[in-house]
Amino acid sequence: VDRLRAAASTPARRATRLEALSAHVWKLLAAAAGGLGDARCRMAWLVDGRRRLDAARYDAGTVRRCLGNVVTYASREVDVEAVSSSPLADVAAMAGAAIAEVFRSERYEELVDWMEAHKRVFREGGKWTEVVGTGTGSPVLVVSSFVPFHVEGDFGFGRPRLVIPWIRPGRLGSAAITVARSPLEDGSWQITARLWPRLADAVDAD
């Protein structure tokens, strides 16, 4: 990841680790989508908005422990050729710009209000997801980063070596990777993936 970050950075802009990883897999997605004859492809990111909530309205300690309705998707659809032909640093900048578009306090305030107005759906056994997660339209890869969330896994038997957040996909058609911090707290990441065969082939060939 550190090598990817160096490759995805320029003297004017240092990419984050997540942007660098996203740029790399976006190029792999473009290669897979182009091999299927698709002209466009999409990336999506699960974005943690807890730090963007108004501290005057929300208790910081409570927000820090909350996951729920302060997490949303950012997404971007582009031409396969644009991703394939662009330097890694440019693709990383595209990822950063897409995330920044939803990384606004107003977005999360609206999301909290919307969830409050529609929470009866859960009581009636219903559920919903954002369109990008269904996999309709151009090929999509969703990156879910749980790096900001500390997972406590010591239940009296010592610190675990592996912790994997599980996202139940149901019948959704998007590819997905999940990034989590290592429970060893050494700065390393653990990444799991759910990929369709053409994308898995592109990853294996990289």
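In deg cm²/dmol, rounded to 500, what helix-only [θ] at 222 nm does the chain give when every DSSP H run of at least 4 residues adds -39500 (n - 2.57) and the total is split over its residues? Theoretical 222 nm ellipticity from helices: -11000 deg cm²/dmol.
Could you calculate the FRET efficiency of E116 with I191 from 1/(1 + (r/R0)^6), where r is the beta carbon distance between them and R0 is 35 Å, rounded to 0.05?
That pair, E116 with I191, gives E of 0.55.
Compute the signed sum of charges (Lys and Arg +1, Asp and Glu -1) over the other residues within less than 15 Å, Cβ to Cβ, of E77. Neighbourhood net charge equals -2.
On the beta carbon distance between E124 and E77, with R0 = 35 Å, the FRET formula returns roughly 0.60. Across region 91-100, rounded Karplus estimates of 3J(HN,Hα) from the backbone phi angles (6.51 cos²θ - 1.76 cosθ + 1.60, θ = phi - 60°) give 5, 4, 5, 4, 4, x, 5, 5, 5, 4 Hz, Gly and Pro being marked x. Between helix 17-35 and the chain, what is the angle of the helix's C-alpha long axis to the longest principal axis, kept within 0 to 90° and rounded to the nearest 10? For 17-35 against the chain, the angle is about 50 degrees. For the peptides 180-190, 19-29, the ranking by mean Cβ contacts within 10 Å, running from highest to lowest, is 19-29, 180-190. With the highest mean first, a sort of the peptides 84-95, 126-137 on other beta-carbon atoms found within 10 angstrom per residue produces 84-95, 126-137. On full extension, the segment bounded by T134 and I164 gains 8.6 nm, given 0.36 nm per residue less the C-alpha separation. Take the Cα of Y58, step 7 Å toward its Cβ, do the same at D38, and the gap between the two points is 3.1 nm. For region 126-140, 3J(HN,Hα) computed residue by residue from phi via the Karplus equation (6.51, -1.76, 1.60; θ = phi - 60°) reads x, 7, 8, 8, 6, 3, 4, x, 7, x, 6, x, 5, x, 9 Hz, glycine and proline entered as x.
Between the beta carbons of E101 and F157, assuming R0 = 41 Å, the FRET efficiency works out to 0.40 to the nearest 0.05. Each label was represented as a point 7 Å from its Cα along the Cα-to-Cβ direction; for A200 and T10 these points are 3.7 nm apart.
Heavy-atom surface analysis with a 1.4 Å probe gives region 61-206 a carbon and sulfur content of 54 percent of its accessible area. For the chain, pairs of C-alpha atoms spaced more than 24 angstrom apart make up 47 percent of the total. In order along region 183-196, phi translates into HN-Hα couplings of x, 6, 6, 9, x, 7, 10, 10, 10, 10, 9, 10, 10, 7 Hz, rounded to whole numbers, per the Karplus curve 6.51 cos²θ - 1.76 cosθ + 1.60 with θ = phi - 60° and x for Gly and Pro.
The values are calculated or read from the model by the stated rules, or taken from the named source; none is laboratory data. This structure is a prediction, so every number in the text was calculated from the model and none was measured. So basically every Cβ, Gly included, is an ideal-geometry build from the backbone, and we count neighbours across all protein chains shown. Heads up: the accessible areas ignore ligands, DNA and RNA and are worked out on the full protein's heavy atoms, side chains in. Shrake-Rupley method; radii C 1.70, N 1.55, O 1.52, S 1.80 Å.
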